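Since the structure comes first, as structure tokens, the remarks are kept for the end.
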Amino acid sequence: MDTTPDRRNIRRTGDDRLPGEPSRDEFLDRLCRVNHAGEYGAVRIYEGQLAVLGRTRVGPTLRHMLDQEKEHLRYFADAIGRRQTRPTVLQPLWHVMGFALGAGTALLGEKAAMACTVAVEEAIDEHYAEQRDKLGDDEADLRETVERFRLEELEHRDIGYENKAEETPGYNLLYGMVRNGSKLAIWLSSRF
């Protein structure tokens, strides 16, 4: 007879977290902090793109996406206040970097600006989907809002594809740099 304990039936810790895994409150604090930072960065990216492309045919499209990002930012700014969570200490960096990324890609042309949008929004889609899946019924309103915002971010991604983002010279390189930079910003903002 085998007396080895069945590892599937052993509880991990008193609150069932793995070492280094944030508590529920820490997770919610991080969620609000990182989403506020991300939406702030997105606003700055679209402001940078509009500074360069505002009077072109894509100007109205960029304004539409900026307006949605501003709504997302207002929601998470309010959530930070309600939940008494601190914003990221990196916000001054995202202020400069977001605008520079938006203006820089726009200076490369409309397609490059849209490639930036595709890369950022695909990183955000993955991030929001992960958050949505971790939120329980006790945070149903927050879960529904994260999902609504995720779908709006996917709308922005689709707009990027419709505007020929993939035709940007060096698309794969630009896409990879922006997407990986977005993922790094997400990681940093959730922690600092």
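Kindly indicate whether T117 is polar (S, T, N, Q), touching a His at 6+ places or on another chain (Cβ under 7 Å), crowded, with 16+ Cβ neighbours inside 10 Å and touching a residue at least 12 places away in the same chain (Cβ under 8 Å).
Judged against the criteria, T117 is a match.
Output the number of the condition that S23 fails; it satisfies all remaining conditions of (1) among the polar types (S, T, N, Q); (2) surrounded by fewer than 24 Cβ atoms within 10 Å (Cβ to Cβ); (3) closer than 28 Å to M177 by Cβ.
(3)
Right, Y46: touching a residue at least 12 places away in the same chain (Cβ under 8 Å), assigned to a helix (DSSP H, G or I) and closer than 26 Å to G104 by Cα or not? I'd like the intermediate steps shown before the answer.
Details: touching a residue at least 12 places away in the same chain (Cβ under 8 Å): yes; assigned to a helix (DSSP H, G or I): yes; closer than 26 Å to G104 by Cα: yes.
Yes.
Looking only at region 52-94, count every residue that is open to solvent by less than 70 Å² (accessible area, probe 1.4 Å) and not aromatic (F, W, Y) and tell me the total.
Adding up the residues that qualify gives 24.
I'm checking my understanding of the structure. Among residues of region 26-38 that are touching a Lys or Arg at 6+ places or on another chain (Cβ under 8 Å) and not hydrophobic (A, V, I, L, M, F, W, C), which one is most open to solvent (accessible area, probe 1.4 Å)?
Checking each candidate, the answer is R30.
Step by step: first the residues of region 153-190, then only those that are within 14 Å of H127 (Cβ to Cβ) and among the charged types (D, E, K, R), then the one that is surrounded by the fewest Cβ atoms within 10 Å (Cβ to Cβ). Which residue is that?
K183
The values are calculated or read from the model by the stated rules, or taken from the named source; none is laboratory data. Quick caveat, the model's predicted, so the values are computed rather than measured. Quick reminder, even Gly has a Cβ in these numbers, built from the backbone with ideal geometry, and neighbours come from all protein chains shown. These accessible areas exclude ligands, DNA and RNA; they are computed on the full protein's heavy atoms, side chains included. Shrake-Rupley method; radii C 1.70, N 1.55, O 1.52, S 1.80 Å.
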